[in-house]
Amino acid sequence: MKLNSTTVGIIILLVVFGGIAGSVSMNWWSTEGGGGKPRVQGGDGKEEAHSLLTIHGVVNSFDTMGINIASNDGQAQYVQLGNSRYNQSIGFVPAAGECVTVVMFPDDQGLYSAISVTVDSTGLTYTFRSETGQPLWSGGNGKGNGGNH
């Protein structure tokens, strides 16, 4: 079979596009050999391994963009929630003194971002990011409208 330059160009585009589509469909997080460390793609395009952390504690304060928690071991921890309009739209307004369980991960600057927060008194879980770390308000799923990450 004789291939001309147009055919070769189309084949190359299909291979490149297929590789990009495949890596997107596998998500940015994967688990390393049972180690439980999600892999997050950083701003420079390189993957960085981060562990998901789950903490339980008491809400010290809530500023619409994040919560300050005193964990059960006495450590104060600020956790970023993200877009204040999104937080308001899902009805997340924790009161100081409420006990919560937070699933979070550190970002590339050492700050913590919440995947979800469960309020003990109600049992309600508020989800802020998908399991791949995608902010639920930022689009990509057809439901977001942009905003802070």
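Rule-based calculations on the coordinates, nothing more; no lab input. Note that the coordinates shown come from a computational prediction; the quantities given were computed from them, not determined experimentally. Ideal geometry is used to build each Cβ from the backbone, glycine not excepted, and the neighbour counts take in all protein chains shown.
Quick notes on this one:
- Neighbour counts of other Cβ atoms within 10 Å put Glu131, Glu98 in the fewest-to-most order Glu131, Glu98.
- Residues whose amide H falls under 5 Å from that of Ser116, counting only those 5 or more places apart or on a different chain, are Val103, Phe128, with hydrogens built in the peptide plane.
- For the pair Thr54 and Thr125 in one chain, pulling the backbone fully straight at 0.36 nm per residue adds 24.2 nm over the alpha carbon distance.
- Per-residue Cβ neighbour counts within 10 Å put Tyr78, Tyr86 in the sequence Tyr78, Tyr86, beginning with the fewest.
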